[in-house]
């Protein structure tokens, strides 16, 4: 049920709120915020919004950079990390215009809403449900320096195998052996439980949390399926909760896909299904994996556009240090049931019609979730509209471990990009499916590509400590 301004004012009084915080999203998918005293919140705030300079958020806009942020009252939650009672809201950015303001097309939240409307207008479905899995590391200490005379990083997690000689209590986890490990080895249990309780308080229902494979502090929290636009908001809040709760417990959280050499990387696998009039679109008894023709076409669209999708779902140079063989990370363009070596996995445990779905395994949480989820939907819809059959295109089903194929067999497969530069090349060449219906503005994509290419160039100039190991004495 939608909240009104009166509902927000009542909540402010009931909870003794002193400040109202408006959380906005920049081009990289990071929160920015501005705060007003609670007594200043009114009907006018909801109508005319809060002014801000969009140029500082990374958006390339033709219009003047002065924009207004219009809060969405349905997103109002009490922020548990503020000592002064604070109500938090997100919302949408608008262009100041006459006779009335209009949505800033480049703003991430507006893009995901535009993608949902495009889906509804297509007649294919009216709702997309997604479930992103949040993998992350919790470190007890981290520090880095990039200077002319010092290049390096140090980090530590108490229970890691590398502390076997110093920890003193023998509570050490062997390398790559932490999956579902229990106390006393699971030293972040209370922190994760508290994270999940905060999420529940904010209306985000959780399936479970657990230690992941990497022994050096890797964990996962999985929410329940939710509407795409709402899950994009929830993704931002989940990351916010994880970061802030970690600090409370004297730890630091990172969603970096590959922070530790030789350990498992952190992804953000995205499960998805479509509904129309409340009925599942992807279910069909007796078909492969009991998935409908529409579901297969949707997968076909994802697989056709996967290289360009990677620029939005894996937008960091570090992302491609995770997408390598040997760590249950996908490297092959294909689909299969219960197979973690293919980029699309169909979970065998999703047996009921309203749960039948598949997951895209390449994304990671360095993405802007609004761009990521909207792009996934647009690629899938393109597959349905153009009847892109993944089997006919040779993308599977691959019901074998793709890492164990012979070199000759591997040479016949298509692979994901191996660098951010390669993914950006693909996005430059293949983005019509994103701009369809005006969902992704061409100007935004051009600016995104330009910004990320500059990022790649800058990082490519910096000597790496491993290069000293390889080349110093040649």
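Return the residues of the stretch 148-175 that are within 17 Å of residue 211 (Cα to Cα) and assigned to a strand (DSSP E or B); say none if nothing qualifies. Working first, answer last.
Taking the stretch 148-175 first, the residues within 17 Å of residue 211 (Cα to Cα) are 156-161, 171-175.
Matches in the stretch 148-175: 156, 160, 173.
Considering every residue within the stretch 442-462, establish whether at least one is touching a strand residue (DSSP E or B) at 6+ places or on another chain (Cβ under 9 Å) and surrounded by fewer than 17 Cβ atoms within 10 Å (Cβ to Cβ).
Yes.
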Residue count, the stretch 367-388, condition in a loop (DSSP other than H, G, I, E, B) and either buried (at least 23 other Cβ atoms within 10 Å of the Cβ) or modelled with pLDDT under 95 (or both), comes to 3
When the stretch 201-211 is checked residue by residue, the ones that are within 18 Å of residue 246 (Cβ to Cβ) and either surrounded by fewer than 22 Cβ atoms within 10 Å (Cβ to Cβ) or touching a helix residue (DSSP H, G or I) at 6+ places or on another chain (Cβ under 8 Å) (or both) are 201, 202, 204, 206, 209, 210
Condition check for residue 333: part of a loop (DSSP other than H, G, I, E, B) and at negative phi
no
Just one of 414, 431 is under 21 Å from residue 376 (Cβ atoms) and touching a strand residue (DSSP E or B) at 6+ places or on another chain (Cβ under 8 Å); which is it?
414
Could you tell me how many of the residues in the stretch 331-386 are under 17 Å from the mean Cα position of the chain (by Cα) and within 17 Å of residue 267 (Cβ to Cβ)?
19
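Among the residues of the stretch 1-13, how many are surrounded by 15 or more Cβ atoms within 10 Å (Cβ to Cβ), part of a helix (DSSP H, G or I) and in contact with a helix residue (DSSP H, G or I) (Cβ under 8 Å, 6 or more places away or on another chain)? Working first, answer last.
Kept after step one, since they are surrounded by 15 or more Cβ atoms within 10 Å (Cβ to Cβ), are these residues of the stretch 1-13: 3, 5, 8-9, 11-12.
Retained after the next criterion (residues that are part of a helix (DSSP H, G or I)): 5, 8-9, 11-12.
After this cut, where a residue has to be in contact with a helix residue (DSSP H, G or I) (Cβ under 8 Å, 6 or more places away or on another chain) as well, the list is 5, 8, 12.
Total satisfying the criteria: 3.
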Which ones in the stretch 346-367 are in contact with a strand residue (DSSP E or B) (Cβ under 7 Å, 6 or more places away or on another chain) and in contact (Cβ under 8 Å) with a residue 60 or more places away in the chain?
347, 353, 354, 356, 357, 358, 359, 360, 361, 362, 363, 365
Residues being surrounded by fewer than 21 Cβ atoms within 10 Å (Cβ to Cβ) and not in a helix (DSSP H, G or I) - total across the stretch 317-326:
5
Take the stretch 29-46 and flag every residue that is touching a strand residue (DSSP E or B) at 6+ places or on another chain (Cβ under 7 Å) and assigned to a loop (DSSP other than H, G, I, E, B).
41
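Among the listed residues 74, 121, which satisfies the condition of being under 30 Å from residue 59 (Cβ atoms), under 23 Å from the mean Cα position of the chain (by Cα) and in a helix (DSSP H, G or I)?
So the residue among 74, 121 that is under 30 Å from residue 59 (Cβ atoms), under 23 Å from the mean Cα position of the chain (by Cα) and in a helix (DSSP H, G or I) is 74.
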Would you check which residues across the stretch 14-56 are crowded, with 18+ Cβ neighbours inside 10 Å and modelled with pLDDT under 85 and list them?
52, 54
Out of (1) touching a helix residue (DSSP H, G or I) at 6+ places or on another chain (Cβ under 6 Å); (2) crowded, with 21+ Cβ neighbours inside 10 Å; (3) assigned to a strand (DSSP E or B), what's the single condition that is false for residue 69?
(1)
I'd like to check which helices (runs of 4 or more DSSP H) are fully inside the stretch 216-313 and have at least 3 residues that are closer than 22 Å to residue 362 by Cβ and not assigned by TED's automatic domain parsing to the domain that holds residue 431.
228-248
In the stretch 349-358, is there at least one residue being part of a strand (DSSP E or B) and either in contact with a helix residue (DSSP H, G or I) (Cβ under 8 Å, 6 or more places away or on another chain) or surrounded by fewer than 24 Cβ atoms within 10 Å (Cβ to Cβ) (or both)?
yes
Hey, can you tell me all the residues within the stretch 427-441 that are in contact (Cβ under 8 Å) with a residue 40 or more places away in the chain, surrounded by fewer than 21 Cβ atoms within 10 Å (Cβ to Cβ) and under 12 Å from residue 105 (Cβ atoms)?
437, 438
Would you confirm whether or not the stretch 389-402 contains a residue that is buried (at least 23 other Cβ atoms within 10 Å of the Cβ), at pLDDT 95 or above and assigned to a loop (DSSP other than H, G, I, E, B)?
yes
Listed by range, helices (runs of 4 or more DSSP H) wholly within the stretch 418-474 having at least 2 residues that are modelled with pLDDT under 95 are 442-460, 465-471
Out of 296, 271, 243, 305, sole residue that is at pLDDT 95 or above and out of contact with any strand residue (DSSP E or B) (no Cβ under 9 Å at 6 or more places or on another chain)
305
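The values are calculated or read from the model by the stated rules, or taken from the named source; none is laboratory data. Predicted model, so just to flag it, every value in this text is computed and none were measured. As a convention, Cβ positions derive from the backbone with ideal geometry for all residues, glycine included, and neighbour counts pool all protein chains shown.
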